[in-house]
Amino acid sequence: MRIPFQASLWIFLLSTATCFQIQAAIAPRSVPEQAPLALSAEYYLEHRQFERALEMYRTLLQQDAAVPRYWERVATLALYLEGRNSAQEVVQRFLSLPDSVKRNWDSVDPFLEELYGSFLTDRGQALYLQGMVRFERGDCEGALPFFKQSLDQERNHLVVMRHQTECEMKQGAYSQAYETIKNRYALNPLNKAVAESLAELHLYFGSVSAALEVVKEYSRFRAPSPRLLVVQAIALARKTDREEAWQAFRKIDQTIPQKEIPAIVYWEKAKL
């Protein structure tokens, strides 16, 4: 039976449309020309076009520096595409922002620990693992050379630096641990454990004003921990700010259970 011309034309158009639909379904998605920049950046990231994604996220960051996700994306992409120094520059730019912006990023501390804890070289990671074998056996003397060699390959790697600090403290190398902690604090001043250790070492080495500065800096972003409150009170007492010291000691009494207050607190209070 012969199909009329109009009917055959419709069949052709319908079959062509179906083919186009099938091709569209199996073809890679393409980002629309006028898509929002954030959507385009995510598209290029998902499709492993990292250089293009980084360029777009940097533009987004210039437009709105208050969005934590943009900082995460730029810092991470910069780390793997341009190296650790580039990622560190991004982080330092973030840390120079107003406090109100930094407080919006609740997960910044674990993100920075993960960012600076990524290995970029096989040799750096291998040296670290050799050090960890000895560290876990309690052989800090044998582990330290491997940690230092790893840091030669992986500059400013926070995980390696953390274990290096632990070994230095266990060996009584407090001056070396002091310098390592300073470097860790410069990379991530929002890490509570690092802030506490640095403040305590400042006190140990007689840098009372520096200890108070660490407590003040950390308190701008987070509530000070009990250890930082103790450092603050002792530092004020040693600085002979009697009234402020008494206020700090009263805050300790209100915050820390009596049985958990270190003996040095009572000793410093008695000297006031």
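No lab work stands behind these numbers, since they all come straight from the coordinates. Note that the coordinates shown come from a computational prediction; the quantities given were computed from them, not determined experimentally. No Cβ is skipped: glycine too gets one built from the backbone with ideal geometry, and neighbour counts run over all protein chains shown.
Find how much the distance from Glu166 to Gln62 grows on full extension, using 0.36 nm per residue of separation minus their present alpha carbon separation; answer in nm with one decimal. Please list the in-between numbers first.
Working: separation 104, 0.36 × 104 = 37.44 nm, distance 3.93 nm.
Result: 33.5 nm gained on full extension.
For the stretch 49-162, report the convex hull volume of the alpha-carbon atoms normalised per residue, in Å³, without decimals. Provide the component values of the computation, followed by the final result.
On the way: hull volume 12.2 nm³, N = 114.
Taking only Cα atoms, the stretch 49-162 has a hull volume of 107 Å³ per residue.
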- What list of ³J(HN,Hα) couplings, whole Hz, do you get for the stretch 188-195 from phi and the Karplus terms 6.51, -1.76, 1.60, once you set θ to phi - 60° and write x for glycine and proline? 8, x, 8, 7, 4, 4, 5, 4
- Note on the structure: Going residue by residue through the stretch 55-61, the Karplus relation 6.51 cos²θ - 1.76 cosθ + 1.60 with θ = phi - 60° gives ³J(HN,Hα) values, rounded to whole Hz and with x marking Gly or Pro, of 4, 5, 5, 5, 5, 4, 5
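What translational D, rounded to a whole number of µm²/s, comes out for the stretch 70-109 from Stokes-Einstein when the hydrodynamic radius is the Kirkwood one over Cα pairs, at 37 °C and 0.692 mPa s? Write down the numbers at each step before the final one.
Details: Rh = 10.4 Å.
The estimated diffusion coefficient comes to 315 µm²/s.
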- Message: Which one, Ser197, Gly117, Tyr174, projects farthest toward the positive side of the charge dipole computed for the chain from Cβ point charges (K/R +1, D/E -1)?
- Response: Ser197
- Note on the structure: Eigenvalues of the alpha-carbon gyration tensor of the chain, times 5 and square-rooted, give semi-axes in Å, largest first, of 55, 25, 15
- Connecting every pair of Cα atoms under 10 Å apart in the chain and solving the GNM, the largest mean-square fluctuation among His157, His202, His47 falls on His47
- Message: Run the paramagnetic zone check for Arg220: 7 angstrom along Cα to Cβ, then residues of the stretch 61-102 with backbone nitrogen under 14 Å.
- Response: 92-102
- Message: Full-extension gain between Arg103 and Glu243, please, as 0.36 nm times their residue separation minus the C-alpha to C-alpha distance.
- Response: 47.4 nm
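Which semi-axis lengths, in whole Å and largest first, follow from the square roots of five times the eigenvalues of the Cα gyration tensor of the stretch 201-272?
Numbers: eigenvalues 57, 47, 24 Å².
Square roots of five times the eigenvalues give 17, 15, 11 Å.
Let me know the charge dipole size of the chain about its Cα centre in debye, to the nearest 20, where only the beta-carbon of Lys, Arg (+1) and Asp, Glu (-1) is charged. Kindly include the intermediate steps, with their values, before the conclusion.
On the way: 33 positive and 33 negative charges, 67 e Å.
Computed charge dipole of the chain: roughly 320 debye.
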- The residues Ser96, Ser207, sorted from fewest to most surrounding Cβ atoms within 10 Å, come out as Ser96, Ser207
- Query: In deg cm²/dmol and to the nearest 500, what is the mean residue ellipticity at 222 nm of the chain if only DSSP H runs of at least 4 residues count, each as -39500 (n - 2.57), divided by the residue total?
  - Reply: -23500 deg cm²/dmol
- Task: Calculate the length of the line joining the C-alpha centroid of the stretch 45-77 to that of the stretch 149-225, in whole Å.
- Result: 30
- Note on the structure: Highest GNM mean-square fluctuation among Tyr128, Tyr116, Tyr44, for the chain with Cα springs under 10 Å, belongs to Tyr44
- Task: Could you tell me whether the stretch 129-242 comes out rounded, prolate or oblate from its Cα gyration tensor? Rule is a ≥ b ≥ c as square roots of the eigenvalues, rounded for a/c under 1.5, then prolate if a/b exceeds b/c, otherwise oblate.
- Result: prolate
- Query: Which residue, Gln232, Gln254, Gln153, tops the fluctuation ranking in a GNM of the chain built on C-alpha contacts under 10 Å?
  - Reply: Gln254
